Amino acid sequence: MQIETYYILLVMIIKVCVGSSCHLKGSYDVVEAFKSLVKKYNVEDKVELQASFCLGNCLQGVSVAVEEIDNTQVVENEQVKRTESGLLLSCMNGDATEKIFVDVLLPILK
């Protein structure tokens, strides 16, 4: 009898809003920051970075949706909210991106 083992590769999907409001608030810089952080922390095989149009959080942009994760251990705050499919990150900018990546997302990936 042959036993087969299957491994499911889970990838965190990070969607950065590039809609008009978030674009004006610097979404390009957030995309570039995430690209750099994914490489810096060597998680290229665990993260898929995508651009997305409106995430419905225009007043709190730049908005980022994080999907395909277990969010049960994530502590919510003014920038991090749990959603049905993951997390919604608000008011992202160059400075906040690395802090949230390291404090919130990286522990989920490890």
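For the chain, can you list the cysteines whose C-beta has no other cysteine C-beta under 4.7 Å from it?
54, 58, 91
Multiplying the sequence separation of residue 110 and residue 24 by 0.36 nm and subtracting their Cα-Cα distance, what value in nm do you get?
27.6 nm
Can you tell me the orientation of helix 27-40 relative to the chain, as the angle in degrees between its alpha-carbon axis and the longest Cα principal axis, to the nearest 10?
30 degrees
Label-point separation (nm) for residue 40 and residue 68, each offset 7 Å from Cα along Cα-to-Cβ?
2.3 nm
For residue 50 and residue 93 in one chain, what is 0.36 nm times their gap in residues minus the Cα-Cα distance, to one decimal in nm?
Full-extension gain reported as 13.8 nm.
Would you mind checking the radius of gyration and Dmax of the chain based on alpha-carbon positions, in Å?
Final numbers for Rg and Dmax: 14.8, 61 Å.
If we sort 50-60, 67-77 on the protection proxy, mean other Cβ atoms within 10 Å, highest first, what's the order?
With the highest mean Cβ count within 10 Å placed first, the list reads 50-60, 67-77.
Every number here is computed from the coordinates shown, using simple stated rules; none is lab data. Just so you know, these numbers come straight off a predicted model, no measurement behind them. Every residue, glycine among them, receives a Cβ derived from its backbone with ideal geometry; neighbour counts consider all protein chains shown.
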